[in-house]
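Structure incoming, see below.
Only the coordinates and a few stated rules stand behind these numbers; no lab work does. For clarity, every value in this text was computed on a predicted model and none was experimentally measured. We place every Cβ from the backbone using ideal geometry, glycine too, and count neighbours over all the protein chains shown.
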């Protein structure tokens, strides 16, 4: 990524820009722009990782931030929004939920996302019935009024029933190289229903660095754009690196001003951030 000072003073002045903010949940700042590569050094990877196995930070970001989508999404401003689902309703006791699915969405291999894929992916929640190709009904083991929030997490990504462990999702980025416990390379899909709302980088690289101090040093030496860290001492005095909430990020990266509640913006940093 070409490095230049991050100018957060720039404000959107047009009605079109205001409309963009409303649509994406972004706060006033630098205008999101397509292009470049995001590099993140992450903890929690293992040689045993796979698309069905491994729940460290590395694989969570890979799944939720890049490759897959969920029925719902908690946006950068903390609001719950539709993702693969467009709407949902529940029974009075919050035990039976019905979700309508987005039309025209395909997995990276070109097959359409259907209710069968949702039923396969969410089977552990209870009985998932396919009402038709674009509607499912979930009958939970126990009532849960917070189910739409639960479904926004990395544990509930939607996988293709025909290839659940192949690293094929419907997300903004497709896998070009995956070395378990080491590295993931992904490229932006050419067209996506989120075009103009998210997915600003052309390429994303996740690299596994087990030691927190080494990850911090990688950020300090501009080898990566961000990392999760346990101790910020190594980054004292680096004014071009922002440190907060267990993470260090170069100021050559811009992001929504209203951040989420977890490391790397609820695991979705690769699709929400952009080059400053």
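Could you tell me what percent of the DSSP beta bridges with both partners in the chain are antiparallel, to the nearest 5?
The antiparallel fraction comes to roughly 85 percent.
I need 190, 37, 134 ordered by Cβ neighbour count within 10 Å, fewest first.
Neighbour counts put them in this order, fewest first: 190, 37, 134.
Give the dimensionless ratio obtained when the Cα radius of gyration of segment 131-276 is divided by 2.2 N^0.38 Å.
Computed over Cα atoms of segment 131-276, the ratio equals 1.22.
What Kirkwood hydrodynamic radius do you get for the chain when you take the inverse of the mean 1/r over all pairs of distinct Cα atoms, in Å?
About 19.4 Å for the chain.
Within the P(r) computed for segment 168-246, what percentage of the Cα pairs occupies the region above 17 Å?
The share of Cα pairs beyond 17 Å in segment 168-246 comes to 56 percent.
Give the separation of the Cα centroids, segment 121-160 to segment 182-234, in Å.
30
With label points built 7 Å along Cα→Cβ from the Cα atoms of residue 77 and residue 162, find their separation and express it in nm.
About 3.9 nm, to one decimal.
How high is the FRET efficiency between residue 92 and residue 120 when r is their beta carbon distance and R₀ equals 35 Å, given to the nearest 0.05?
0.80
If you don't mind, there's one more thing I want to ask. Please give the calculated 222 nm ellipticity per residue for the chain, where each DSSP H segment of at least 4 residues contributes -39500 (n - 2.57) and the sum is spread over every residue; nearest 500 deg cm²/dmol?
It comes out at -3000 deg cm²/dmol, rounded to the nearest 500.
To continue, here is another question. Helix 15-24 against the longest principal axis of the chain: what's the angle in degrees, Cα atoms only, rounded to the nearest 10?
Around 60 degrees separate the two axes.
Further question on the same structure: Full-extension gain between residue 37 and residue 213, please, as 0.36 nm times their residue separation minus the C-alpha to C-alpha distance.
On the way: separation 176, 0.36 × 176 = 63.36 nm, distance 2.33 nm.
Here the answer is 61.0 nm.
Running a GNM on the chain with Cα contacts under 10 Å, which residue among 90, 152, 250 ends up with the highest mean-square fluctuation?
Looking only at 90, 152, 250, the biggest GNM fluctuation is shown by 90.
Return the single residue from 220, 179, 137 with maximal mean-square fluctuation; model: Gaussian network over the chain, springs between Cα atoms under 10 Å.
The residue with the greatest mean-square fluctuation here is 179.
Working from the alpha-carbon coordinates of segment 80-156, get Rg over Rh, Rh being the Kirkwood radius.
Here Rg/Rh amounts to 0.95.
Which of 43, 87, 208 ends up with the largest GNM mean-square fluctuation for the chain, with Cα atoms connected below 10 Å?
Evaluated over the chain, the most mobile residue of the options is 87.
A further question on this structure: Could you work out the relative contact order of the chain, using alpha carbon pairs under 8 angstrom and six or more residues apart, expressed as a whole percent?
Dividing the mean separation by the residue count of the chain yields 27 percent.
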